[in-house]
Protein chains: 2
Amino acid sequence: MKQLHLGAFMRPVSIHTGAWRYPGAWPDANFDFPKLKRLIQTLERGKFDAFFMADHLAFLNMPVDALKRSHTVTSFDPLTLLPALAAVTERIGLIATASTTYNEPYHVARKFASLDHISGGRAGWNLVTTANPDAALNFGQDAHMAHGERYKRAREFFDVVTGLWDGWADDALVRDVESGIFFDPDRVRALDHEGPELKVRGPLNIARPVQGWPVIVQAGSSEAGRQIAAETAEAVFCAPGTLEDGQRFYADVKARAKAYGRDPDHIKILPGCFVVIGETVDEAKAKRAHLDSLVHYDSAIASLSIALGVDARAFDPDAPLPPIPETEQSKSGRERAMRLAEREGLTVRQLAQRLGGYGGLSMVGTPTTIADAMEAWIDGAGSDGFNIMFPWLPGGLDDFVDQVVPELQRRGRFRREYEGTTLREHLGLPRPPNRFFD
Amino acid sequence: MKQLHLGAFMRPVSIHTGAWRYPGAWPDANFDFPKLKRLIQTLERGKFDAFFMADHLAFLNMPVDALKRSHTVTSFDPLTLLPALAAVTERIGLIATASTTYNEPYHVARKFASLDHISGGRAGWNLVTTANPDAALNFGQDAHMAHGERYKRAREFFDVVTGLWDGWADDALVRDVESGIFFDPDRVRALDHEGPELKVRGPLNIARPVQGWPVIVQAGSSEAGRQIAAETAEAVFCAPGTLEDGQRFYADVKARAKAYGRDPDHIKILPGCFVVIGETVDEAKAKRAHLDSLVHYDSAIASLSIALGVDARAFDPDAPLPPIPETEQSKSGRERAMRLAEREGLTVRQLAQRLGGYGGLSMVGTPTTIADAMEAWIDGAGSDGFNIMFPWLPGGLDDFVDQVVPELQRRGRFRREYEGTTLREHLGLPRPPNRFFD
């Protein structure tokens, strides 16, 4: 019986714009370390594979009337938060997002190697190219790099970072007190990379990560995003709206991985999944309706604008969505919004309200109906598990750990105890061989 | 009676090349998180102001025969380690080194703000320009930026980072659940910086740090280093070899700060101080002699080469030091080495052996003689305290906390309990006003 994997998609703690206003929710759940500690310790009690932290490198590009309602405006840098959470947990994986467009590969390799050693092999790198064009303005540039160029740099960036990690043999650290030899220079080598985008000598000034490489995670669903995932990723965060979409994506990415010479089982497909739990399906639906009602229309229309990459305020709210041109921003959001509107026949207003809350895959029901739906996905070749999006904190997270996890465990679909100690072991991924050393 | 401040200079845990070989020392003290946790918790028990972590962005540029003996080759990125240490401590300050030459100011501002919030106001930023020219090769550049240019960029970088922190009023986060307003956009502003070196829009996507700004630390002792310290620093790590040197440096930097319109008491001068403790002075000297004997001559001559910025292997080991030309590398090391050789009439070999262990200010004696020397420094306007360098770990650190700290406390020179909760409060520094908001 196929087991599922669970990540917790934790930025900005809840994906839902109204989450911080829900009765009983912590309005500062995304920006208070003791609360984040309590949340990750609950996830670890629930035996989650990983805490997955998304990221932004600028305010979301939405009008200020919507932005002022968003709890995304302040949050922690993932590579600063996750080491702190590593120190207060023992087993759960820690996946941090880091951009290949606005970072240097030497820093990225070093920080993830540090996190992996500090956490005893629990680090994962969600490699992104950054969709928000406003990020460019915070990093000395006048315009955001074009989509294709970003992915070209990302692919080379991946080669450099993993090459820096491989620059150390696993046995390079000798520490022979008697002879005074600390490391064997024959077991460490410079990378001497000179590519079209990047030039990095190395070696890295930190030993090879505990896991060989931290787990590589990808989240793009454009053509270029899928291809880089197939070539490099070991876990994929994706956002299919329906099981059919999910099956298509799953088959496509696994086939691409196979065509690239990889074992398709070594790339885990984990869609984002927004979960609202009730004692009855109607109660769960009522909770979601209440939550959605906390989203202001200004925020809703702003979310739609972000998804589409254009200012949607000029559209007629009660008409169908007009045709939207492609832009250099993330293509996946635009496609998803257009397909959702078409599939459900939504007006601009309806689409905006749905997206202003959360417009992607949702499971709203009882622990039984949710476990049923999850089984349908993993048995139907739609996914290998999910990145769970909690509707508010801590209630939505506690409900999942206390009600859905035990139901999945009863069905033999989810671990009762961690069997390994590293994120690779949790996900059933092999340790990567070293390209330079036996 | 003047109180002193104590930082722990912790990279690469011990400054002494032979530290990892000393009997009873942990050879992996610099690269094992549980051991680092034990060390910082001991420092916190000793009421230290701060854990101070230096940094390198490449292997030290020494010949491989010396490098292979150095425990500096693997260590944690400071901004990854310190959040983890923040999570296992409550009061001690956390100072991380970050280079202005090889970083983006938006990242630096965001990471230190994150660390400050996560630690409840205990972060400090040791602003460096990076002396090792090999770093350039790890960051896509062919040559290291010249000394003057590095400092020019550093000064502007400081303005940008502090400007990003000031972009949020302290009361900007409203989180009004009723109205749905999360923050007040009139209390947050973009920086819109366009200078000769840097262009950054902002605002930062994290609220103003708990301390307003993390404590600003500087370590350069060149002319440019002293001037930027006088203008920006709140604590200065310096390396005078003697009390007379220290008094000169102290008077110079405090006078520069005053000339710049600052209160000289708001810039704390904390020299690095290598401390070896014995029950008698002779026992302490014997310990140091044993420790120095663990430094291989290859390492010694390499250290001398680094300090001078030239390859010293060609020099006659038994002759006095020949004249050394200035290079674009760190100027302070060259000056210190030349002055030490002259002052004590050392041959190249003698100088190398001293520097290969640690050639700077040392206090080798009993808790009584060490406390006497420290009092002479702070009463003699030589310093406001020290950054203590431990000879090996954990023994050298434990001895300091268990023997010297109580002696300083008995004399009324050092706190028995933390009085405040932030690093600023420990150091007696004011909270910086916000340049943009009341």
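The numbers here are math on the coordinates, done by the rules we state, and not lab data. What you see is a predicted model; the values in this text were computed from it and never measured. Cβ: placed from backbone, ideal geometry, glycine included. Neighbour counts: every protein chain shown.
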### Query
In deg cm²/dmol, rounded to 500, what helix-only [θ] at 222 nm does the protein assembly as shown give when every DSSP H run of at least 4 residues adds -39500 (n - 2.57) and the total is split over its residues?
-11500 deg cm²/dmol
### Query
When the convex hull of the C-alpha atoms of the stretch B:167-212 is computed, what volume per residue in Å³ does it have?
79 Å³
### Query
the stretch A:147-171 to the stretch A:326-363: how many Å between their Cα centroids?
33 Å
### Task
Compute the acute angle (0 to 90°) between the alpha-carbon long axis of helix B:147-166 and the principal axis of greatest extent of the alpha-carbon atoms of chain B; round to the nearest 10°.
40 degrees
### Summary
Dividing the alpha-carbon radius of gyration of chain B by 2.2 N^0.38 Å, where N counts its residues, gives 0.97
### Summary
Residue separation between B:Met338 and B:Ile181 times 0.36 nm, minus their alpha-carbon distance, gives in nm 50.3 nm
### Task
Could you estimate the translational diffusion coefficient of the stretch A:148-281 from the Stokes-Einstein equation, with Rh from the Kirkwood formula over C-alpha pairs, at 10 °C and 1.306 mPa s, in whole µm²/s?
91 µm²/s
### Message
Given bins 10 angstrom wide, list per bin the percent of all Cα-Cα distances in the protein assembly as shown, short to long.
### Response
2, 12, 22, 25, 19, 11, 6, 2, 0, 0
### Task
Could you let me know the centre-to-centre spacing of the stretch A:262-325 and the stretch A:86-101, using Cα atoms, in angstrom?
26 Å
### Whole-Å semi-axes of the stretch A:372-438's equivalent ellipsoid (Cα gyration tensor)
29, 16, 13
### Message
If I model a spin label at A:Ala146 and A:Asp402 as a point 7 Å from the Cα along the Cα→Cβ vector, what separation in nanometres do I get?
### Response
5.4 nm
#### Entry: Selection from B:Trp213, B:Ala307, B:Met1, by position along the positive dipole direction of chain B (Cβ)
B:Met1
